Amino acid sequence: MRLGALILRIVRQFWHDKRTLGLMFIAPLLVLWLVSLVFNGNAYHPHVGTVQLPAQWTAQLSRAGADVSTYDTAAAAESALKSHELDAYVAWSSGTLQVRLEGSDPSINKSVLLLLQQALSTHAAPVGGVPTSVITYLYGSADMSTFDGVGPVLIGVFAFFFVFLIAGIAFLRERTSGTLERLMATPLRRWEMVLGYVIGFGIFTTLQSAVLTAFAVYGLGLMMNGQLVLLLLVTLLLSMTALTLGTLLSSFANSEFQMMQFIPLVIVPQIFLSGLFNMDNMAVWLRWLGKMMPLSYAADALRDVMIRGRGLTDIYPDLLMLLAFSLVFMVANTISLRKYRRV
Amino acid sequence: MTHGTAAKGQTAIRVAQVHKSFGRKHVLRDITLTVESGEIFGLLGPSGSGKTTLVKLIAGLDDATSGEVEVAGVRMPSLGMLSKIGYMAQSDALYTELTAKENLAFFASLYGLSGVQRAKRMAEVMELVNLSDAMNGVVSAYSGGMKRRLSLAIALLHQPGILILDEPTVGIDPVLRKAVWDELKRMSEAGTTILVTTHVMDEAEKCHRLGLIRNGVVMAVGTPEQLKQDTGAGSVEEAFLVYGGGEQ
Ligand SMILES: Nc1ncnc2c1ncn2[C@@H]1O[C@H](COP(=O)(O)OP(=O)(O)O)[C@@H](O)[C@H]1O
Ligand SMILES: [Mg+2]
């Protein structure tokens, strides 16, 4: 009865606040779409200059995908490098091959070197040619894009971010406007207050998760090898941790501005440590820090489902962790409400 | 009609040797007072004297640093008592994005009202504070006085036996203010105990008994007549100055 009243009120507030509703449903889609555009740009063709290079090699460079221009002197090529017209140039002088890179962007450096290797290795190949190789993939495929790789994590990041902020600020406003104190003068139990927020907001986060995952799979064509219902389940459980963590942390903020200050503290580290970047080379303590973050479990489960096509039997430990996080946050929040009423 | 009321002459609220401090700051010192069932008890004191702090302790919203607070014989804070108390905070605690009706329905449900009875009570309390026409208005479009009246209406919804009102008439025009006081008087005659804070002297005259509070100390308790007699003052205001002057 009291719980129902609280849930109904939260739904009504959302209904009156169309803008927040919009932020919750449209913003994650918009951002995910923008990121997909960034990652799905066409393959990069390095600009490579040649100085006195045998014509046969120049042709090989072109064939390997380089955008080749020829120069008469190394000095001319050097100035083209400086003015950013070239990413690298290759010079042939007195029997050695000299490669000079512009060098300021590591990813371009890598693609130039890779290209040079491919183009020129045929020259150095042993007699009889390169042995033919058969390449197969356990998961994923040759035409899997970068976005397919990071997309699952990004779904998690955006679901987490927006729910964390919206739920956190809503709970914060309940405190700053005095309504929380007013509620504590009614027979509403502290746990009912916390659970009411979880269910009331949960209705909207469920819808948001459905819209976001459907958009990622059907709208953006993200690689999806598992069951959609599992993807939805992971996103939903992650949203719940965002919701419960947001409402809990809001009691340590005194204003919306202070709530925003949690973004660099809570959201950004989670993004970096959640598996968006390979964790294997990170310091041990950083990996442990990652293990304390809800997003890393969700990211793991999302990748398992979307890329590796795994099922519930494989991802249930991650799901249990997410559930545990939510429960801990809810209990902590119920306890922290003692500030307003001891019983 | 009202529930949770005891017979007249019984103690409804008992505050004994209550101290309250926030960190090093002593806000209430050794407060002892009782409010009888069915009376209108006024806490009169300047801003910052500790009135809000005291009524919050009585409403169960905070704990005394030492001392005891009992409502209807039950030590506060107590969950069971909360449904018998009607509380109106000093600052309006309303959901401004909702309509008055939605606010009322929400609070009424928290107190266990439902269906026809809830609708009936909502209409009654809005009639009382003269807001019936603004029932479907969004609260953010309300004036300050209207918000104050809506807060009062919400405190009255569940017909509590004990009403705690923190500066209820601030920002309400004189005509309505009189109507509100007439209603408080009527409710007290029906058995409701009313604890009201104010810093307006002419409202103090309307209370059955008064507690004069200053700097966290209750300087005197008595009927307005007694207080005037004891100090030889012509008004409660003068009486207050006499007590306050002695304390300084
Ligand atoms: N949470 C708090 N922390 C610190 N000081 C407080 C707190 N609440 C009230 N006070 C102080 O207690 C004193 C009494 O405040 P209050 O009870 O609101 O007075 P009144 O209601 O009579 O205006 C004021 O000096 C106020 O600054
Ligand atoms: Mg006050």
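Could you give the size of the charge dipole of chain A about its Cα centre, using +1 on the Cβ of each K and R and -1 on the Cβ of each D and E, expressed in debye and rounded to the nearest 20?
1980 debye
Which entries of B:Lys20/B:Lys120; A:Lys339/B:Lys147; B:Lys56/B:Lys178 have Cα-Cα distances beyond 29 Å here?
Values: B:Lys20/B:Lys120 40 Å; A:Lys339/B:Lys147 26 Å; B:Lys56/B:Lys178 26 Å.
From the list (B:Lys20/B:Lys120; A:Lys339/B:Lys147; B:Lys56/B:Lys178), the Cα-Cα distance tops 29 Å for B:Lys20/B:Lys120.
Going from the alpha-carbon gyration tensor of chain A, what semi-axes, largest first and in whole Å, does one get by taking the root of 5 times each eigenvalue?
The three semi-axes for chain A are 54, 21, 17 Å.
What is the percent carbon and sulfur in the accessible area of the protein assembly as shown, measuring with a 1.4 Å probe over the protein chains and ignoring ligands?
Answer for the protein assembly as shown: carbon and sulfur cover 59 percent of the accessible area.
Per residue of segment B:212-221, in order, report the coupling 6.51 cos²θ - 1.76 cosθ + 1.60 (Karplus, θ = phi - 60°) as ³J(HN,Hα) in whole Hz, putting x for Gly and Pro.
Per-residue couplings from phi come out as 8, 10, 8, 6, x, 10, 7, 7, 7, 10 Hz.
If you count only protein heavy atoms with a 1.4 Å probe, what accessible area per residue comes out for chain A, rounded to a whole Å²?
Computed with neighbouring chains in place, this is 50 Å² per residue.
Quote the accessible area belonging to B:Asp30 in square angstrom, nearest 10, computed with a 1.4 Å probe and with ligands, DNA and RNA left uncounted.
90 Å²
Direction-averaged shadow area of the convex hull around the Cα atoms of segment A:146-339, nm²?
For segment A:146-339, averaging the hull's shadow over all directions gives 11.2 nm².
Suppose every Lys and Arg Cβ carries +1 and every Asp and Glu Cβ carries -1, with no other charges. What dipole size does the protein assembly as shown come out with about its Cα centre, to the nearest 20 debye?
Values: 48 positive and 46 negative charges, 266 e Å.
Charge dipole, the protein assembly as shown, about its Cα centre: 1280 debye, nearest 20.
With a cut-off of 14 Å, note down the residues of segment B:196-212 whose backbone N falls inside the zone around a label point 7 Å from the Cα of B:Glu237 toward its beta carbon.
So the set is B:199-205.
I'd like the mean, over residues of A:187-193, of how many other protein chain beta carbons sit within 10 Å of each residue's own Cβ.
Neighbouring Cβ atoms belonging to other protein chains average 3 per residue here.
Test of understanding: in a Gaussian network model of chain A with alpha carbons linked when under 10 Å, which of A:Ile135, A:Ile199, A:Ile169 would top the mean-square fluctuation ranking?
Fluctuation is largest for A:Ile135.
Per residue of chain B, what 222 nm ellipticity follows from adding -39500 (n - 2.57) for every DSSP H run with n ≥ 4, rounded to the nearest 500? Working shown, then result.
Working: 9 runs with 90 residues, N = 248.
That calculation yields -10500 deg cm²/dmol at 222 nm.
For A:Val331, A:Val268, give the ranking by accessible area with the largest first, probe 1.4 Å.
Result of the area sort, largest leading: A:Val331, A:Val268.
Within 10 Å of each Cβ in peptide A:172-185, how many partner chain Cβ atoms are there on average? Round it to a whole number, please. Don't skip to the end; give the middle numbers.
On the way: counts 0, 3, 2, 0, 0, 6, 6, 9, 1, 8, 13, 4, 8, 15.
Averaged over the peptide's residues, the number is 5.
Can you give the direction-averaged projected area of the convex hull of the alpha-carbon atoms in segment B:82-146, in nm²? Before the final figure, lay out each step's value.
Details: hull surface 18.3 nm².
Over every viewing direction, the Cα hull of segment B:82-146 projects on average to 4.6 nm².
Before rounding to the nearest 500, sum -39500 (n - 2.57) across all DSSP H runs of length at least 4 in chain A and divide by the residue total; then give [θ] at 222 nm in deg cm²/dmol.
Mean residue ellipticity at 222 nm (helix-derived): -20500 deg cm²/dmol.
Take chain B, connect every pair of alpha-carbon atoms lying under 10 Å apart with a spring to form a Gaussian network, then pick out the residue of B:His208, B:His26, B:His158 with the largest mean-square fluctuation.
Top of the fluctuation ranking is B:His26.
Could you let me know the centre-to-centre spacing of segment B:23-57 and segment A:80-110, using Cα atoms, in angstrom?
Result: 81 Å between the Cα centres.
Given all pairs of different Cα atoms, what value in angstroms does the Kirkwood hydrodynamic radius of chain B take?
Numbers: mean 1/r = 0.0541 Å⁻¹.
One decimal place: 18.5 Å for the Kirkwood radius.
To the nearest Å, what is the center-to-center distance of segment B:71-94 and segment A:25-43, using C-alpha atoms only?
Centre-to-centre (Cα) distance: 52 Å.
Near B:Gly145, within a Cβ-to-Cβ distance under 10 Å, what is the net charge of the other residues, with Lys and Arg +1 and Asp and Glu -1?
Charge balance near B:Gly145 sits at +3.
Could you order B:Tyr111, B:Tyr243, B:Tyr95, A:Tyr44 so the one with the most accessible surface comes first? Probe is 1.4 Å.
Listed by decreasing accessible area, they come as A:Tyr44, B:Tyr243, B:Tyr111, B:Tyr95.
Are there residues in segment B:81-110 whose accessible area shrinks by at least 20 Å² when all protein chains are included rather than the chain by itself, and which are they (probe 1.4 Å, ligands and nucleic acids not counted)?
Residues of segment B:81-110 that lose at least 20 Å² of accessible area once the other chains are added: B:Leu82, B:Tyr87, B:Ala93, B:Tyr95, B:Glu97, B:Leu98, B:Glu102, B:Phe106, B:Phe107, B:Ser109, B:Leu110.
With each pseudo-label sitting 7 Å past Cα toward Cβ, what's the A:Ala332-B:Arg24 distance in nm, one decimal?
3.2 nm
Hull surface divided by four, with the convex hull built on the Cα atoms of segment B:45-113: how many nm²?
Directional mean of the projected Cα hull area for segment B:45-113 stands at 6.2 nm².
So, taking all protein chains as they sit and a 1.4 Å probe, how much accessible area belongs to A:Thr70, in Å² rounded to tens?
Looks like 100 Å² after rounding.
How much accessible area per residue does chain B have, in Å², with a 1.4 Å probe?
In whole numbers, chain B has 41 Å² accessible per residue.
How many square angstrom of accessible surface are buried between A and B, both sides summed, with a 1.4 Å probe and rounding to 100?
On the way: alone 18380 and 11450 Å², together 27200 Å².
It comes to approximately 2600 Å² buried between A and B.
Can you tell me how much longer the chain between A:Arg308 and A:Leu113 gets when fully stretched, taken as 0.36 nm per residue apart minus their C-alpha distance, in nm with one decimal?
Here the segment from A:Arg308 to A:Leu113 would lengthen by 67.1 nm.
How much length would be gained if the chain were fully extended between A:Arg342 and A:Val268, taking 0.36 nm per residue of separation minus their Cα-Cα distance, in nm to one decimal?
23.2 nm
Just tell me the longest site-free run in chain B, where the sites are trypsin sites (Lys or Arg not before Pro) in a DSSP loop having at most 15 other beta-carbon atoms within 10 Å.
B:25-248
With a sphere of radius 9 Å drawn around the Cβ of B:Ser109, what net charge do the other residues whose Cβ falls strictly inside it have (Lys, Arg +1; Asp, Glu -1)?
With Lys, Arg at +1 and Asp, Glu at -1, the net is +3.
Given a 10 angstrom Cα cut-off, can you work out which residue in A:Thr20, A:Thr213, A:Thr50 is the most mobile in a GNM of chain A?
A:Thr50
Among all the aspartates and glutamates, which ones have a C-alpha under 16 Å from B:Lys51's C-alpha, if same-chain residues fewer than 8 places away are not counted?
Once the sequence-local aspartates and glutamates are set aside, what remains near B:Lys51 is B:Asp30, B:Asp62, B:Asp63, B:Asp166, B:Glu167, B:Glu203.
Using Cα positions and a limit of under 13 Å, work out the aspartates and glutamates in reach of A:Lys110, with same-chain residues fewer than 8 apart set aside.
A:Asp87, A:Glu102
Which of the lysines could a cross-linker span from B:Lys228 if the Cα-Cα distance has to be under 18 Å and same-chain partners fewer than 8 positions apart are dropped?
B:Lys206
How shielded is A:7-16 by partner chains, expressed as the average number of their Cβ atoms within 10 Å of its Cβ atoms? Each step should come with its number before you reach the end.
Numbers: counts 0, 4, 9, 2, 0, 8, 6, 1, 3, 8.
That average works out to 4.
Ordering A:Asp318, A:Asp105 from largest to smallest accessible area (1.4 angstrom probe), what's the sequence?
A:Asp105, A:Asp318
The values are calculated or read from the model by the stated rules, or taken from the named source; none is laboratory data. Because the structure is predicted, anything quoted here is derived from the model rather than measured. Here the Cβ is made from the backbone with ideal geometry for all residues, glycine too, and neighbour counts use every protein chain on show. In case anyone asks, the SASA skips ligands and DNA or RNA and just uses the protein heavy atoms, side chains included. Shrake-Rupley method; radii C 1.70, N 1.55, O 1.52, S 1.80 Å.
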